Amino acid sequence: MSSKVILFSYTNYPSLLSNLESEGVKIGQDDLLRHGSFTFDLQGISRAASHQIVRHRIASFSQQSQRYVKITRSYGYLKPSGIPEDLRVPVEVRGHRMELNFSDVMDLTRQAEEGLVSKGVKAEDSRYLRPNAATTNIVMSMSPRQLIHFFNLRCAPDAQWEIRDLAWSMYAAVSLVAPQVFGPLPAADESDYIKKRVLLVGDLVQKQVEMFERTPPGELFQLELQPYLDFAHAVDGFVRKY
């Protein structure tokens, strides 16, 4: 399944600057980093990735509840591309030996969780079986300054693959709607990997500006980032047009 990165709320900087200037207020580039907000809806990401994201404590988060949201066998999981689908590992259950692949294990945990619920165990207790690969949804809001710090850490080549893919999708989205604020990342000065990808994102975004401007207000515009950014997993990026 694909993860989704949706930028659905953001500061309209041209309007903000125009309104401030009409009141005789001028702000510098550093001020722009403080006065603004960007809200993302991250869908279909693993619990492993969400645990990393919420470590950025200066941001604001709202995450899908595992306790109150009903889970059925249709709930998803994210399989790392580094684990081959046909790779099986031996397990032993009460003397019976089996060989299971990643998907088999995920399906067993889902069946076991639902089985506990069906026998009267509270969902809040049954969910303890759920693996880190199980997907969740989380809403995250950050200021530009916070986002740049996030990008410097999570766009790096040594960042975990899932959060790195999400971070580059987020960077492309904010680069589209606020190019005057999100230029080259500071980390690009120390990393050729980041420098090359910042340039690539800039080219990809520039080619889509005209299509984005033609998008009717209120609709989602899908960014074309793959296969150009060579993500480790499928990520669909969207920006809500104001």
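Quick one: order SER37, SER3, SER60 from most to least accessible surface, probe 1.4 Å. Spell out each step's value before the answer.
Numbers: SER37 50, SER3 0, SER60 75 Å².
Output order, biggest surface exposure first: SER60, SER37, SER3.
Let me know the shape class of the range 77-143, please: from the alpha-carbon gyration tensor, a ≥ b ≥ c as square roots of the eigenvalues, rounded when a/c is under 1.5, otherwise prolate if a/b is greater than b/c, or oblate.
oblate
Do any GluC sites (Glu not before Pro) in the range 110-207 lie in a loop, going by DSSP, with at most 12 other beta-carbon atoms within 10 Å of their beta carbon, and if so which?
Details: sites: GLU113, GLU114, GLU124, GLU162, GLU190; in loops: GLU190.
When the GluC sites (Glu not before Pro) of the range 110-207 are filtered for loop state and at most 12 Cβ neighbours within 10 Å, GLU190 remain.
Would you mind checking which residues have amide H under 5 Å from LEU223's amide H? H placed 1.01 Å from N; only 5 or more apart, or other chain.
GLY237, PHE238, VAL239
Less than 12 Å Cβ to Cβ from MET98, Lys/Arg counted +1 and Asp/Glu -1: what total charge do the surrounding residues give?
So the surrounding residues net to 0.
Got a sec? Which residues in the range 141-165 would a label at GLN226 touch, if it sits 7 Å along Cα→Cβ and we count backbone N under 18 Å?
160-165
If you put +1 on each Lys and Arg Cβ and -1 on each Asp and Glu Cβ, how big is the dipole of the chain around its Cα centre, in Debye rounded to 20?
Numbers: 28 positive and 28 negative charges, 164 e Å.
Dipole size: approximately 800 debye.
Of the heavy-atom accessible surface of the chain (probe 1.4 angstrom), what whole percent is carbon and sulfur?
51 percent
What are the ³J(HN,Hα) values, in whole Hz, obtained from phi via the Karplus relation 6.51 cos²θ - 1.76 cosθ + 1.60 with θ = phi - 60°, for each residue of the range 46-59 in sequence order, with x given for Gly and Pro?
So the J values, rounded to whole Hz, are 6, 4, 4, 6, 5, 5, 6, 5, 6, 5, 7, 5, 6, 7.
With labels modelled as points extended 7 Å from the Cα through the Cβ direction, what inter-label distance (nm, one decimal) is found for HIS96 paired with SER118?
Rounded to a tenth, the inter-label distance reads 1.6 nm.
Which whole-number percentage describes the relative contact order of the chain, with Cα contacts under 8 Å and a sequence gap of 6 or more? Let's see the in-between values first.
Details: 352 pairs, mean separation 66.4, N = 242.
The normalised contact order for the chain reaches 27 percent.
Can you tell me which aspartates and glutamates have their Cα less than 12 Å from the Cα of LYS122? Leave out same-chain residues fewer than eight positions away.
GLU113, GLU114
Report relative contact order for the range 146-242 in percent, whole number only (criteria: Cα-Cα under 8 Å, sequence separation at least 6).
Relative contact order comes out at 28 percent.
Residues of the chain: accessible area per residue at 1.4 Å, in Å²? Walk me through the numbers on the way to the answer.
Values: 13350 Å² over 242 residues.
For the chain, the per-residue accessible area is 55 Å².
At a Förster distance of 22 Å, what's the computed FRET efficiency of GLU219 paired with ARG145, Cβ-Cβ distance as r, to 0.05?
Efficiency, from the Cβ-Cβ distance: 0.15.
Summing +1 for each Lys or Arg and -1 for each Asp or Glu, what net charge is found among the other residues whose Cβ lies under 9 Å from the Cβ of LEU129?
Values: positive: ARG110, ARG127, ARG130; negative: GLU113.
Surrounding charge for LEU129 is +2.
What does the net charge come to around ARG197 if you take all other residues with beta carbon closer than 12 Å to its beta carbon, with K and R at +1 and D and E at -1?
-1
Looking at [x] 0.97; [y] 1.18; [z] 1.13, which value of Cα Rg over 2.2 N^0.38 Å comes from a calculation on the structure shown?
[y]
What are the DSSP H helices in the chain that stretch 20 Å or more along their long axis, judged by alpha-carbon atoms, and whose average Kyte-Doolittle hydropathy comes to at least -1.0?
For the chain, where a helix must reach 20 Å along its axis and average at least -1.0, the hits are 102-118, 161-177, 192-214.
The values are calculated or read from the model by the stated rules, or taken from the named source; none is laboratory data. Keep in mind that what you see is a predicted model, and the values were worked out from it rather than measured. Glycine gets a Cβ as well: all are built from the backbone with ideal geometry, and neighbour counts include every protein chain shown. Quick note on the areas: whole protein, heavy atoms, side chains included, nothing else; ligands and nucleic acids left out. Shrake-Rupley method; radii C 1.70, N 1.55, O 1.52, S 1.80 Å.
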